[in-house]
Amino acid sequence: MTSIGSPSPSKTASSKFGRPGATWSLRRRLLGQLLLVFSGLAVLLYLSVQAVAGRAADATQDNILGASAIAIAEQVRLAEGEIIVDLPYAALEMLGLAGEDRVFYRIADGRGQVITGYDDLPGGSALPLSEEAPVFFTQQYRGDTVRVATARRSILTGSGRETVLITVAQTREAHGALTTSIAVSAAAVGGGFLALAGLLAWIAIARALKPVQEIERAIAARASDDFSPLETAAPREILPLVDAINAFVERLRLTLDTSQQFIAEAAHRIRTPLAALKAQAEVSLKAGAGTASDESLRRMVRAADETSQLTTQLLTQAMVAYRAERAQRQSLSLAALARTAARDLEVAAEMRGIDFRMALDEDARIEGDEIALLEAIRNLLDNAIKYGPPDDFVAITVTAGSAPEICIADHGPGVPRRDRDLVFERFRRGSVGAETLGSGLGLSIVRQVMRAHRGRVRLEENAPQGLKARLVFPPPRARNPSTEARS
């Protein structure tokens, strides 16, 4: 019995649907790059707000310190030849409102003699240019960082004009707390900005990639024999991809057409000289040229038959593979298919004295390609005729049920269990069929057809002797035509 098999399902799926190199996502890469940019902007925003907050806090503290120093300077007066200062405690209390901050002051004359206040409080090296514009600086004092304001006041004495320097200092705890609070708020705003920007970027990327997804859906929804140009609307950046796909599809169509024409032409060219060779050998054999010559001619006739059958089977397999992808499925009567296949092989059966005994359920219907299914049934019947004993019968049974099936049973040598997987491989034959003319392709064609129709083929023993070949189909309504077209 002849057979050939298709590649294993795992290898077929791997080669057909594998995605070498698909280790990264364009969507994630774009999102990552945008988030990197947004993160940089968020950090820049945080640093900018922190700097602005620091300057704003410095300005606020300087305004209060300057106002306090000027308010104290206005209370400096001369009494009985001595400089007297009436401290306005409201000015100092204004500085003391800033939480845990401490306030220091120092009032000294132009010679550096301290009139009142903290003797060790630094007055700074730069003197105010005018009485209305204090000088500000930051200094370390008693282990703390303090902000210092120095104001100048001139008073008229009996010996001339005397300069008085008023220095007011304040620690910076409130300044740091205010700066930190503003920085934390800026960080929260930056984090919210980053999250919102990431969400909007994800939505924008999804919308930007939508034309690519539409192209993918348009290609996936196409029939396998549709080679028309892809006309999906696409932005200018994707048009080169669409043009490349259309150019590739056109090249593929031309290649397939050329291949089909070549197969048909090659089969015709090969079968014609083989038929002539066989006819010449048979004529010479009938002429009776001699025993040795007769044996050579018989071998020549057998070789011509085998080559002709192999050519036909190769062409048939190519046709089945082609139709599995392109043929339109239709509702078919399994009983009618069995009768047609039996009628096609009626002459070959009569030559061996074999009858067909049929038990056909007319309700058994399937969906599929009539030409491919007839070829599969004919291959099984041809095997039953060749391997069955002469002057015998072949039983053809069609049943409906939940899974329609056709069973072809003969009384030949059968196929040993150890060979039942082997006979479905290409160019492999069972151990009991070595002397029978065959190409090793028949059962592979049967299995190829059944896979295209989402069915299965089984070989069983036909007690007491022989083989049963069953073709089992799924129910018509359980089939998925779009999936079958890709099988």
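Of all residues in segment 192-206, which are exposed (fewer than 13 other Cβ atoms within 10 Å of the Cβ) and in contact (Cβ under 8 Å) with a residue 12 or more places away in the chain?
Ala206
Name the single residue, out of those in segment 412-431 being buried (at least 19 other Cβ atoms within 10 Å of the Cβ) and closer than 27 Å to Val347 by Cβ, that is modelled with the lowest pLDDT.
Once the filter is applied, the top-ranked residue is Gly430.
Considering Arg343, Arg357, which residue is outside any helix (DSSP H, G or I), modelled with pLDDT of 90 or more, out of contact with any Lys or Arg (no Cβ under 9 Å at 6 or more places or on another chain) and surrounded by fewer than 19 Cβ atoms within 10 Å (Cβ to Cβ)?
Answer to the selection: Arg357.
Tell me yes or no: at least one residue of segment 210-230 is assigned to a strand (DSSP E or B), at negative phi and in the same structural domain as Gly117 (by TED's automatic domain parsing).
No: zero hits.
Quick test of your reading of the structure: Gln170 fulfils all but one of (1) free of Cβ contacts under 8 Å to residues at least 40 places away in the same chain; (2) closer than 30 Å to Val85 by Cα. Name the failing condition by number.
Going through (1) free of Cβ contacts under 8 Å to residues at least 40 places away in the same chain; (2) closer than 30 Å to Val85 by Cα one by one, Gln170 breaks only (1).
Based on what the data block shows, is Ala233 in contact with a Pro (Cβ under 9 Å, 6 or more places away or on another chain) and without any contact (Cβ under 8 Å) to a residue 40 or more places away in the chain?
yes
Considering only segment 45-163, give the strands (runs of 3 or more DSSP E) lying wholly within it that have at least 2 residues that are in contact with a Phe, Trp or Tyr (Cβ under 7 Å, 6 or more places away or on another chain) and at pLDDT 85 or above.
Where strands (runs of 3 or more DSSP E) fall fully within segment 45-163 and carry at least 2 residues being in contact with a Phe, Trp or Tyr (Cβ under 7 Å, 6 or more places away or on another chain) and at pLDDT 85 or above, they are 103-109, 144-157.
Taking the stated definitions as given, is Ala220 among the small types (Gly, Ala, Ser) and more than 25 Å from Ile84 (Cβ to Cβ)?
In short, yes.
Is it true that Pro273 is part of a helix (DSSP H, G or I) and at pLDDT below 75?
Judged against the criteria, Pro273 is a match.
Could you tell me which of the residues Ser159, Ser185, Ser154, Ser181 is hydroxyl-bearing (Ser, Thr, Tyr) and under 45 Å from the mean Cα position of the chain (by Cα)?
Criteria check complete, one pass: Ser185.
The values are calculated or read from the model by the stated rules, or taken from the named source; none is laboratory data. Not measured: the values here are computed from a predicted model. Cβ sites come from the backbone with ideal geometry, for glycine too, and all protein chains shown count toward neighbours.
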